[in-house]
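What follows is one structure encoded as structure tokens, with my remarks underneath.
The values are calculated or read from the model by the stated rules, or taken from the named source; none is laboratory data. Everything quoted here is computed from the prediction, not taken from an experiment. For neighbour counting, all protein chains shown are included, and Cβ atoms are generated from backbone atoms with ideal geometry for every residue, glycine included. These accessible areas exclude ligands, DNA and RNA; they are computed on the full protein's heavy atoms, side chains included. Shrake-Rupley method; radii C 1.70, N 1.55, O 1.52, S 1.80 Å.
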Amino acid sequence: MALFPAFAGLSEAPDGGSSRKELDWLSNPSFCVGSITSLSQQTEAAPAHVSEGSPLTSQGNNAAADTGHRFVWLEDIQAVTGETFRTDKKPDPANWEYKSLYRGDIARYKRKGDSCLGINPKKQCISWEGTSTEKKHSRKQVERYFTKKSVGLMNIDGVAISSKTEPPSSEPISFIPVKDLEDAAPVTTWLNPLGIYDQSTTQWLQGQGPPEQESKQPDAQPGSESAALKAKVEEFNRRVRENPRDTQLWMAFVAFQDEVMKSPGLYAIEEGEQEKRKRSLKLILEKKLAILERAIESNQSSVDLKLAKLKLCTEFWEPSTLVKEWQKLIFLHPNNTALWQKYLLFCQSQFSTFSISKIHSLYGKCLSTLSAVKDGSILSHPALPGTEEAMFALFLQQCHFLRQAGHSEKAVSLFQAMVDFTFFKPDSVKDLPTKGQVEFFEPFWDSGEPRAGEKGARGWKAWMHQQERGGWVVINPDEDDDEPEEDDQEIKDKTLPRWQIWLAAERSRDQRHWQPWRPEKTKKQTEEDCEDPERQVLFDDIGQSLIRLCSHDLQFQLVEAFLQFLGVPSGFTPPASCLYLAMDENSIFDNGLYDEKPLTFFNPSFSGASCVGRMDRLGCPRWTRGQNREGEEFIRNVFHLVMPLFSGKEKSQLCFSWLQYEIAKVIWCLHPKNKKRLKSQGKNCKKLAKNLLKEPENCNNFCLWKQYAHLEWLLGNTEDARKVFDTALGMAGSRELKDSDLCELSLLYAELEVELSPEVRGAATARAVHILTKLTESSPYGPYAGQVSAVRILKARKAYEHALQDCLGDSCVSDPAPTDSCSRLISLAKCFMLFQYLTIGIDAAVRIYEQVFAKLNSSVFPEGSGEGDSASSQSWTSVLEAITLMHTSLLRFHMKVSVYPLAPLREALSQALKLYPGNQVLWRSYVQIQNKSHSASKTRRFFDTITRSAKPLEPWLFAIEAEKLRKRLVETVQRLDGREIHATIPETGLMHRIQALFENAMRSDSGSQCPLLWRMYLNFLVSLGNKERSKGVFYKALQNCPWAKVLYLDAVEYFPDEMQEILDLMTEKELRVRLPLEELELLLED
């Protein structure tokens, strides 16, 4: 057999003599042909697959066994079939050196479908790593409403729709008819056999188009709208031409320009100009400005038109140009207090030109100019009505401005000077104009004489009298021990970060150094001994801001405002013009003890304005902690100085405020349950109350008796408190229901008894009924002896009904409501409501409220007028507000002690808040009860309704607080062990909703210039972790409120890395920095 099968035939050739020898080396004598035949037969019996790519082949295992594991060439086998296979046992190192086979060795194929034969599709599946064989459909993503393209679609003008006016039919129809353009009878043709196709469809089936006139019909609709607008413009032009003095008409014409610019181009000349004009804000401003200039030409004395022009020009004028225009306007109208108010706010909120000294001098110029107008020194401009009240409001605005800027010493000095300038004025200078009086006041201020709040203060008049006599005042040195210096304890922990140490020290100095520094003559101090020259207040800092207050009410309000400024809850609310400017801390959201005791809760109203020396971080609970030792002595000296200046109700109000301040500190000690401090504070408070009651004019002062008894009750001395109440009621005699103070005393006594623990509620209720019943009887009051009989209860109810009818009848007769009748109606209605609640039930108390509300509501808002008379309506509004508070408190208490639906309370609060959108107590109650609801839609709709119509800022603030409470509740549910947030409830919309509320609230002037609103916004963004946007909001806040030091302190806390830049900014704008960084470095080195 040949060695190579291809040459097998050569060896057997017949003529192979010579060639045989040449090819002999190709033969293999040891190879047997028989084995090949048996091998080919086995190969045919065992089919296999052939891999044609392998050159080196071998037989299968069975063939190898038969042939003795010998290898043959596949071509040597005679019967080669398509089912023969080859094997290659040589390992390929690339298989383990690389992650996959070489792509050139893998056969290409196309997979049909993603399934695989032989698997159970219900239990098994195959995940192919390659690309899917499904045909990729180019699916266009649906555009959301907030995308740029969708927002652009909203600017496209809609098609004007006009319908034929037909008289309404008397018969009701069950469907809305669809009418054709022409009410013609249907025509049946071979193309329209049923007569159901309209004319355009029939023409389309015939292959025809609409007539040329009809094809142009849709384009005529915008033309009709344009014609209507053009007619309105012509109407406005005609009216302002006929009535050029009507300023309201001019303002309406200016507002109409927004509607004109949103419409299709009314004055478009070229194609494409319409779209440009629609999107051009500058064009709208120029159009409005042109109208306003025409209006001002016809109304040279109109301040409203000039203000509108200045507000409009803010968009595209430089700040320096605006300031010059403002100065021109002020020069022309120096007697307009509203204009001065707007001018001061404009200059105060211009960050580029702002500095504390400029604004402070501007306030002085404003008040001195208005004083000259009021004195008649400026003959060309007489004083307008309400000038004195507006000057007082501007003075308070200046004091809060200085307090918020950190210059507390100047603000306190202003109040001190005003107290001397108003109440202790010598008789010899009273007839002089204000400027002359101020010149005489300067020597007193520079003399070193003790001022209001300082020990030994006697006043300007006594000093002047002493100077005229030529005597000398002997000053006795203080026997009190000096207070230890606290400078060494300013930095308690030097391991803290630098910014924390600076913040703590800065706030500590603000709290301790709010009083002006003055050299003590007993210690032979001079002005050079002051370590911080900024603590000294010169006469030039306050001289221009001194004003004369001739009204007795304004003089008393000055004292109340001074006490409120020091942190005493005097009940004074800042005027509306400066209320939101002074609002800088979030105590308006604190409920205090309202949840525990809804009837007798203590609510010291500060209206969101911090007291002097307090610049706490946002979220710090506002409890009246009082001042330090020097501050408490200062407040006592002020009370001792001003109380002899008043008598009657006003003096009683001052005593009431003083005692309430001490009780507030007792409540603060009760809150953290500090027993040691509570004991000492309670002892001091009782001592003050007894000393006040010992004075002859206060023996029958039921307000003080009520506060003293309430203090004993708060301290836990219930029996002692009952003795005090019984003693006070026994002194009253038989005044019955005529004294409002006596009614308030009995009401508080009854409410405290009702609010006792559930174990003694039955006896407590009987005591309360006894108190309210004895109030109606003519016999002297006696302590509780047992259950009140039913006959006495019926008599008391009749007495209450007659007294209430008499009060309501007097209210309708007297147009300017006297104060006594208002207070009597309030106390009487409260007592009657509580009496009905205890004897009959909550429904009877609600009926009393509804009766009083219906009667007074018609007086406040008579039919046919939007608002009542300003003099009478305000007093009756306060009556309604007080009775509404009693109504809601009763409902809350009833829900606390028994099962009662929430709907009546929610409805009562909703109705009340629509009438009094600025009442913070009602808002707190509403937010708290609505926070328990799982659905926020009703709350949001209500807030949206109120914020659209109400001018106060409180609805915006409490809407934000309600959403923040809801967000906090959701996060509490999502948190696990207080650490990680699990987003099980997708409430991401809350974050965007709160941000939108902040932005909308700041669109108004009162919102954009409210420091509290900016502090809340900044705190919210920082809590989300959005640092970059928080910085942007901080700098935006500075553009509107650059004077608020608390904003800078918050920024140091939120952005510690920017501390140096923030302090440089404060120094540049002249805000008060009590601890410079250089001094901090020295303190840290010691």
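Report Y849's accessible area, 1.4 Å probe, all protein chains in place, as a number in Å² to the nearest 10.
Solvent-accessible area, nearest 10 Å²: 20 Å².
Assuming R0 = 60 Å, can you tell me the calculated FRET efficiency for the pair E971 and K649, based on Cβ-Cβ distance, to the nearest 0.05?
Values: r = 50 Å, r/R0 = 0.83.
Efficiency at R0 = 60 Å is approximately 0.75.
Measuring with a 1.4 Å probe in the full set of protein chains, what accessible area per residue, in whole Å², belongs to the stretch 539-584? Mind dumping the intermediate values first?
Numbers: 1330 Å² over 46 residues.
Result: 29 Å² per residue.
Gain in length, R294 to E520, computed as 0.36 nm per residue apart minus the alpha-carbon separation, to one decimal in nm?
Working: separation 226, 0.36 × 226 = 81.36 nm, distance 6.38 nm.
Gain on stretching R294 to E520: 75.0 nm.
Are any of the pairs K676/K830; K521/K679; K651/K795; K430/K649; K679/K706 more than 29 Å apart by Cα-Cα distance, and if so, which?
Long pairs (Cα-Cα over 29 Å): K676/K830; K521/K679; K651/K795.
Net charge within 11 Å of E1061 by Cβ-Cβ distance, Lys/Arg positive one each and Asp/Glu negative one each, not counting E1061 itself? Can you show the working numbers first?
Details: positive: K1031; negative: D1057, E1058, D1064, E1068.
Local net charge: -3.
Check which residues have an amide H placed less than 5 Å from D88's amide H, if you skip close sequence neighbours.
Residues meeting the criterion, in which the H sits 1.01 Å from N, do not exist here.
Just to confirm a number: summing +1 for Lys and Arg and -1 for Asp and Glu over residues other than K311 whose beta-carbon lies under 13 angstrom from that of K311, what do you get? Walk me through the intermediate numbers first.
On the way: positive: K288, K306, K309, K342; negative: D304, E315, E325, D1005.
Cβ neighbours under 13 Å give a net charge of 0.
Under 15 Å from the Cβ of M251, count the other residues' Cβ atoms, weight Lys and Arg +1, Asp and Glu -1, and hand me the total.
Details: positive: R239, R245, K287, K288, R294, K306, K309, K311; negative: D246, D258, E259, E293, D304.
Once positives and negatives cancel, what remains is +3.
What length, rounded to one decimal in nm, is gained on full extension from D532 through to S380, with 0.36 nm per residue of separation minus their alpha-carbon distance?
50.2 nm
Find the all-direction average of the projected area of the Cα convex hull for the stretch 607-742, expressing the result in square nanometres with one decimal place. If you can, show how the numbers build up before the last one.
Values: hull surface 39.8 nm².
Averaging across all directions leaves 9.9 nm² for the Cα convex hull.
Cα centroid distance between the stretch 386-401 and the stretch 946-960, in Å?
Between the Cα centre of the stretch 386-401 and that of the stretch 946-960, the gap is 25 Å.
If I stretch the segment between T87 and Q500 completely, what's the gain in nm (0.36 nm per residue apart, minus their alpha carbon distance), one decimal? All intermediate terms of the calculation are to be shown ahead of the outcome.
Details: separation 413, 0.36 × 413 = 148.68 nm, distance 8.00 nm.
Separation in residues times 0.36 nm, less the Cα-Cα distance, equals 140.7 nm.
Mind ranking S361, S933 by accessible surface for me, highest first, 1.4 Å probe?
Ranked list, largest accessible area first: S361, S933.
Which FRET efficiency, nearest 0.05, do L285 and R629 yield, Cβ-Cβ r, R0 51 Å?
Working: r = 58 Å, r/R0 = 1.15.
Computed FRET efficiency for L285 and R629 comes out at 0.30.
Which FRET efficiency, nearest 0.05, do H552 and D431 yield, Cβ-Cβ r, R0 22 Å? Don't skip to the answer; put the middle values down first.
On the way: r = 19 Å, r/R0 = 0.85.
Taking R0 as 22 Å, the efficiency between H552 and D431 is 0.70.
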